[in-house]
Amino acid sequence: MQKFFLPLKEWSEQGEKGKYKMSIFTRVLTFFFAIAQSLALILNSKVFYPNDDLFLIIQTLFFLIVGAFICIWLSDLITSKGIGNGVSLLLVLSISKEVFNLFKFLIKGDGNMGITERIIILFLFFLLLILTVILSSSYLKIPIQYTTKVNNDSKLERNIPIKVNVVGVLPIILANTLLNVIPIFSVFFSKESSFNKFAKIFVESRHDLGIGFFVYLLLIILFSFFSVFMIIQPNEISESLSKQDAFLESVKPGTETVYKITYELFRVTIVGTILLTLLAA
């Protein structure tokens, strides 16, 4: 975002004043995202119909937006008290609820599931858990060397650590947000229109290996690479190394260093994207 919106970069360098401005900007963005998400939820639910009371729909929209800001307030409160990252903890609570439902389903079953199917689902769940741990804790280390004058300093970093999954679940969030726009626009077309029919097929196929599912995975891949190269700038890393009288092993400072970092970043992002796509699928 800082690359496309220069004030963000300026605010990030202004200390507490900049943090306050960033916080206001985040709240404004959240407000518009909350409106979009709430509209998508209301307009695509089967609870409301075109002849329903407009005030009731607006009231529901209001409470959904207020609920989003209550979640933000809670996450900020958790973070400020030093308990942990507020957003992450709220996400963990949401995921934990789904895990509880999964085990409840495995224990009770649906009457058609045998013991073999339950064991397979349980195995896949733990495999998913292992993949998540690997994805969040793995690093690629690019060795660094220093000039003779500073090489003996034991406090210096000896490598550049690059996480296999630099961007976390941001690509999944962006992909979901973008795909949620389609149902919103479909409301403005008649039910018999081609766009509405396409939107219906697209939304339904996200869960049964249809076109919506594959577009969802493709967006995750695209957003993964886009986000990584927005967060990590090889040019800035190269300049930072030059200022510290450091260089990569067997690589000349300058352009070659930028190419080397870009190559390694691209290589590790491929692995991270594959794992993230598997988790999302």
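The values are calculated or read from the model by the stated rules, or taken from the named source; none is laboratory data. Predicted, not measured: the structure shown is a model, and the values here were computed from it. Counting neighbours? That spans all protein chains shown, and the Cβs are built from the backbone with ideal geometry, glycine included.
Among the residues in segment 68-76, are any of a type outside the set (D, E, K, R), modelled with pLDDT under 80 and assigned to a helix (DSSP H, G or I)? No: zero hits.
Among the residues here, V133 qualifies as modelled with pLDDT of 75 or more and part of a helix (DSSP H, G or I). Within segment 217-236, being part of a helix (DSSP H, G or I) and among the polar types (S, T, N, Q) holds for S224, S227, N235.
The number of residues in segment 237-257 being in a helix (DSSP H, G or I) and within 13 Å of I160 (Cα to Cα) comes to 5. Say we look at segment 249-264 and pick out the residues that are in contact with a Pro (Cβ under 7 Å, 6 or more places away or on another chain) and closer than 14 Å to N159 by Cα; which of these is surrounded by the most Cβ atoms within 10 Å (Cβ to Cβ)? By that ranking, first place goes to I261.
When segment 5-40 is filtered for residues that are at pLDDT below 75 and under 17 Å from I182 (Cα atoms), only A40 remains. Taking first residues from segment 157-177 that are in a loop (DSSP other than H, G, I, E, B) and partners that are at pLDDT 80 or above and polar (S, T, N, Q), the Cβ contacts under 7 Å between residues at least 6 apart in sequence or on separate chains come to V167/S224; V167/S227.
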